[in-house]
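Worksheet: one structure, shown below.
The values are calculated or read from the model by the stated rules, or taken from the named source; none is laboratory data. Being a predicted model, the structure only gives us computed values, none of them experimental. Note: ideal-geometry Cβ built from the backbone for every residue, glycine included; neighbour counts use all protein chains shown. SASA here: full protein model, heavy atoms, side chains in, ligands and nucleic acids out. Shrake-Rupley method; radii C 1.70, N 1.55, O 1.52, S 1.80 Å.
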Amino acid sequence: MKRLLFSLLFCMSFVFAEGEENFVDETQMNSADCLILQDENSIICKYLHERLEEDKEIIIQWIDPDGEISRERPIIIPAGHGSIYDFRYVEGRKKGLWQFKVIEGDIETTTTFSIE
């Protein structure tokens, strides 16, 4: 009886863990974040998306505090990859709230950061 109960609990925990893993993956899909490294004069932005079996072209935009696109470029994410990075120097950038936007098909992912 103990073996049956133990086996049942083990199977249930495995099913629950797999469900949790899928939930976590969904929340991490299509996210962007930027980090400012003042000592290195750099802004590094990262975009995460679901790993795909084929190459995927995305468009990256850096939008300045005036709402103008400071930089726009297409990037190809190779098959099997789940993220890309883009960086710029802090020096020479307008002060204020910036946006880093990634357009992947009809999905737009945006994050903001401030240059002071």
Taking region 100-114, which residues are more than 11 Å from Ile60 (Cβ to Cβ) and either among the basic types (Lys, Arg) or crowded, with 16+ Cβ neighbours inside 10 Å (or both)? Thr111
Regarding Ile84, is this residue β-branched (Val, Ile, Thr), open to solvent by less than 50 Å² (accessible area, probe 1.4 Å) and under 13 Å from the mean Cα position of the chain (by Cα)? yes
Against the definition (more than 14 Å from the chain's Cα centre (by Cα), at pLDDT below 95 and more than 13 Å from Ser42 (Cα to Cα)), how does Gly96 come out, yes or no? no
Within region 82-116, residues within 28 Å of Arg51 (Cα to Cα), touching a residue at least 12 places away in the same chain (Cβ under 8 Å), part of a strand (DSSP E or B) and not β-branched (Val, Ile, Thr) come out as Ser83, Tyr85, Asp86, Phe87, Arg88, Trp98, Gln99, Phe100, Lys101, Glu104, Phe113
Residue check, Ile76 over 23 Å from Gln38 (Cα atoms) and assigned to a strand (DSSP E or B): yes
Within region 45-73, tally of residues that are exposed (fewer than 15 other Cβ atoms within 10 Å of the Cβ) and either at pLDDT below 95 or not in a loop (DSSP other than H, G, I, E, B) (or both): 12
Within the set of pairs 6+ apart or on separate chains, which have a first residue in region 58-81 that is on the phi < 0 side of the Ramachandran plot, a second that is open to solvent by 40 Å² or more (accessible area, probe 1.4 Å) and assigned to a loop (DSSP other than H, G, I, E, B), and C-beta atoms under 6 Å apart? Asp64/Lys94; Pro65/Lys94; Ile76/Asp55; Pro78/Asp55; Ala79/Glu53; Ala79/Glu54; Ala79/Asp55
